[in-house]
Each structure stands twice: as structure tokens, then as C-alpha cells.
Amino acid sequence: MSHQYLDKVTDEFSEIKHIKEMEDDRDRYLKEYFKPLLEKVRDKYPIEIRNYLKVDHYFWEDLEYLSKWGLELIVDDGLWTAVKDRFGGTQISLVKEGEIRKRIRELKKRFREAKRRKDTLEEDEIMRELKIERRRRILIMIADNYLHLKNRGIGPIRGQKNKKH
């Protein structure tokens with residue numbers, strides 16, 4: 001997804017829940033809420049979601065290509081070491097998926113402390129960082145929910161090429 005659409009896309013998905021956090025009928029949530037929302041957003045913005053069945057040369061070729069154009073890669077914890085070793089010295093930002101929640105908690109704590117001290121400059125800076133971390137978290141939820149949607153076979157998604165690597 002182009003950086004210019006990041007705010008708009010994550011705003012559209014701001015109310016979604018992660019599939020693993022659902023207590024009710026997960027299939028129903030995916031089918032009746034997440035899938036229509038995903039289709040609506042895909043109709044409005046040029047986004048593409050890719051999933052790979054395995055880490056092979058197609059995965060690394062695509063990642064190499066995307067790293068030339070992307071500013072940031074959010075990496076699954078299981079692939080962190082391999083991706084960091086390969087792309088660690090480049091100009092892109094690498095973010096470990098598992099660190100996002102921890103970072104959000106730390107920022108909230110710092111924000112409360114800054115608010116207590118009435119340090120408005122630090123509050124503003126922390127809020128900017130918190131907004132970025134929350135958008136990263138939303139992107140992770142979109143990807144995870146999309147993967148569950150595909151794995152459960154809940155119908156094709158309009159506008160999505162059914163490419164499997």
C-alpha cells in the first residue's frame with residue numbers, strides 16, 4: 001500500500017477486532033463484518049495483501065522488490081532474524097510484530113507521566129508515536145484476519161488476485 005493511503009486505510013479499519021480476541025462466532029465475524037469492510041476499502045484504495053504458503057525464493061524476491069520501494073516492513077516474530085540479517089543494513093525500517101503491543105504499553109505509560117508533569121510538548125510527541133504504533137497494530141490485525149478469512153474458505157474477496165506463492 002502506498003504511504004499516502006496509510007492513514008485513510010487504517011482509519012477505515014479502526015474498529016476491527018483481531019480474530020484471536022473474538023469470543024463469539026469467528027466465522028460470522030469474518031463473513032459479516034471483516035470481509036465486507038475489506039472489500040469496501042479495496043474498492044476505495046489501491047491496496048494489496050499478499051500471503052505466502054512457505055518462505056521460498058518467491059517470498060524473498062517479492063520482499064527484495066518491496067524493500068526497494070517500501071519505507072517500512074512489519075515482520076512476523078518467526079521471520080525476524082532472517083529478515084533482519086538480510087535487510088538490516090538498508091534504508092528501510094524493520095519493525096518486529098511482537099514489539100508493537102509492548103511499545104504501545106510503554107508509550108501509554110510515558111504519556112500518563114508526561115500528563116502528570118504537564119509537559120505538553122512531550123505529550124504531543126508521545127501521541128504522534130502512539131498513533132504510528134496503533135496504525136501498525138491495525139495493519140497486523142488486517143493481515144491476520146485476512147489470513148484467517150482465506151484459510152477458512154469464506155468466499156472469494158472482490159478485487160483480490162488469487163495468487164498463491
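General observations
- Farthest toward positive dipole pole in the chain [+1 Lys/Arg, -1 Asp/Glu at C-beta], among GLY78, TYR52, ILE132: ILE132
- Förster radius 30 Å - calculated FRET efficiency between ARG112 and LEU37 (Cβ-Cβ, nearest 0.05): 0.40
- Residue range of the chain that is longest and free of trypsin sites (Lys or Arg not before Pro) which are both DSSP loop and sparsely packed (at most 11 other C-beta within 10 Å): 55-117
- Given the alternatives (1) 52, 41, 28; (2) 51, 31, 28; (3) 106, 34, 28, Cα extents along the principal axes in Å as computed for this entry is given by (1).
- Computed over the stretch 51-111, the percent of Cα pairs more than 14 Å apart is 61.
- Relative intensity, log₁₀ I(q)/I(0), of the stretch 1-70 from a Debye sum that treats every alpha carbon as a point, q = 0.13, 0.17, 0.26, 0.29 Å⁻¹: -0.53, -0.84, -1.11, -1.19
- Dipole magnitude for the chain: about 260 debye, using +1 per Lys or Arg Cβ and -1 per Asp or Glu Cβ, origin at the Cα centre.
A short reminder: the numbers here are calculations on the coordinates, not readings from a lab. As the structure is a prediction and not an experimental result, all values here were calculated from the model. All Cβ positions, glycine included, derive from the backbone under ideal geometry; neighbour counts span all protein chains shown.
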